[in-house]
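*Asks:* To start, I am sharing the structure in question, which I have written as structure tokens.
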Amino acid sequence: MKILAIDIGGTAIKYGIVAENFTVEKSFEVPTEAHLGGPHLMQKIMSFVEKHAEEVDCVGISTAGQVNSELGKIIFASENIPNYTGIEIKKTIQDKFNLPVRVENDVNSAATAEAKFGAGRGFHDFLCLTYGTGVGGALWINNQIYTGDYFSAGEFGHIVTHTGGKKCTCGNNGCYEMYASTRALVNAVKEATGKSLTGREIFAPEHFNNVTVRSVIDNWIDEIIGGLSTLIFIFNPPCIVLGGGIMNEDYIISEIDHRIHARSIHSFQSVQIKKAELKNQAGMLGAAYLAKQALGI
């Protein structure tokens, strides 16, 4: 059995062939070109499926945006991908290629992969957050993804941490991701230093050891912890898995872990803070697992 797994992010699309035992046999990466909009993105997806349709048994898709996973339809996407809302990914692929298709939100897919193959193994419940352009979230409860009443649970990036604060792409003000995302860090460093640095560059020794930059980083980590504290009070999770490229920086994870566990409240003492293990393959592996599960195999 072979699965075509496609992981659609705001910057890049990663796709490849995944074997039945969930090893990635071959993989590719191309720019998303999100600014060109949902219909253009759908054309790209269809071209990947057409290229590999004869060698796979099903298709699993992990994608940015809110997803009705029963219909395989985008029910909401921000203007980061214009005109993506309403696109029926599952139906479009099935009508043309007659292949079983499973579509899921990207963080839900990543959390599924972490639960089965990564940092979430052994936990019946955990929270998963990814930090990048925004902040994505997922709830793994009773050994499965909890999607909520309308497939929109886990939108942790849009909890309001600063009432009346910065305008968010969702239309609200003061959302968590406006202060705790990697983009927020990049913007804060530029404002403080005048330098346009990527997340990776910020942690290079020549910048990381700069007093001004370090102060910005530490304030940003406090913003991350502010949101996590709210989630710990609400869910009392045994584990929180943190992903996104920026979380590969050990300083961030160690500081979050230290500052969370410095609090005397029992729920803060007991929660484990873990770095996501699967990195760039999480979305593909989660999509592949869910696609195979949908087949009942």
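*Asks:* Going by average Cβ density within 10 Å per residue, which order do the peptides 70-78, 229-237 take, highest to lowest?
*Replies:* On the way: 70-78: 18.2, 229-237: 16.0.
For the peptides 70-78, 229-237, the packing ranking is 70-78, 229-237.
*Asks:* Of K90/K190; K26/K195; K96/K167; K73/K116; K26/K275, which ones are farther than 30 Å apart at the Cα? Let's see the in-between values first.
*Replies:* Details: K90/K190 41 Å; K26/K195 38 Å; K96/K167 41 Å; K73/K116 25 Å; K26/K275 25 Å.
Table pairs above 30 Å Cα-Cα are K90/K190; K26/K195; K96/K167.
*Asks:* As a check on your grasp of the helix formula, calculate [θ] at 222 nm for the chain: sum -39500 (n - 2.57) over DSSP H runs of n ≥ 4, divide by the residue count, round to the nearest 500.
*Replies:* Working: 11 runs with 115 residues, N = 297.
So the calculated ellipticity at 222 nm is -11500 deg cm²/dmol.
*Asks:* When ranked by the protection proxy of mean other Cβ atoms within 10 Å per residue, highest first, what sequence do the peptides 269-278, 162-171, 45-54 form? Spell out each step's value before the answer.
*Replies:* On the way: 269-278: 17.8, 162-171: 12.5, 45-54: 15.1.
Answer by packing, highest mean first, reads 269-278, 45-54, 162-171.
*Asks:* Right, here's the next one. From the phi of every residue in the range 17-34, what ³J(HN,Hα) in whole Hz does the Karplus formula 6.51 cos²θ - 1.76 cosθ + 1.60 yield, where θ is phi - 60° and glycine or proline is x?
*Replies:* After applying 6.51 cos²θ - 1.76 cosθ + 1.60, I find 9, 10, 7, 4, 8, 6, 8, 7, 7, 7, 9, 9, 9, 9, x, 6, 6, 4 Hz.
*Asks:* For a quick size check, give me the Cα extents of the chain along its three principal axes, largest first, whole Å.
*Replies:* 56, 41, 36
*Asks:* Distance from the Cα centre of the range 192-217 to that of the range 61-137, in angstrom?
*Replies:* 32 Å
*Asks:* Another question, then. Under the definition of Cα pairs under 8 Å and six or more residues apart, what whole-number percent is the relative contact order of the range 13-101? Numbers along the way, then the final one.
*Replies:* On the way: 115 pairs, mean separation 22.4, N = 89.
In percent, rounded to a whole number, it is 25.
*Asks:* Still on this model: Between K96 and F76, what length in nm is gained on full extension when 0.36 nm per residue of separation is reduced by their alpha carbon distance?
*Replies:* On the way: separation 20, 0.36 × 20 = 7.20 nm, distance 2.40 nm.
Contour length minus Cα-Cα distance gives 4.8 nm.
*Asks:* Something else about it: Enumerate the helices in the chain for which the Kyte-Doolittle hydropathy averages -1.0 or more and the C-alpha atoms extend at least 24 Å along the helix's axis, using complete DSSP H runs. If you can, show how the numbers build up before the last one.
*Replies:* Numbers: long enough: 211-235 (36 Å, 1.18).
Long hydrophobic helices here: 211-235.
*Asks:* On a full-extension model of 0.36 nm per residue, what is the gain between S264 and N172, subtracting their alpha-carbon distance, rounded to one decimal in nm? Write out the running numbers ahead of the final one.
*Replies:* Numbers: separation 92, 0.36 × 92 = 33.12 nm, distance 3.29 nm.
Length gained, S264 through N172: 29.8 nm.
*Asks:* Using a 10 angstrom cutoff on alpha carbons, build the Gaussian network for the chain and name the most mobile of I265, I159, I89.
*Replies:* It is I265.
*Asks:* Treat the range 120-276 as a sphere of radius equal to its Kirkwood radius over Cα pairs and apply Stokes-Einstein at 4 °C in a medium of 1.567 mPa s; give the translational diffusion coefficient in µm²/s, rounded to a whole number.
*Replies:* On the way: Rh = 16.1 Å.
In µm²/s, the coefficient is 80.
The numbers here are math on the coordinates, done by the rules we state, and not lab data. If you're wondering where the values come from, they're calculated on a predicted model, not measured in any experiment. Counting neighbours? That spans all protein chains shown, and the Cβs are built from the backbone with ideal geometry, glycine included.
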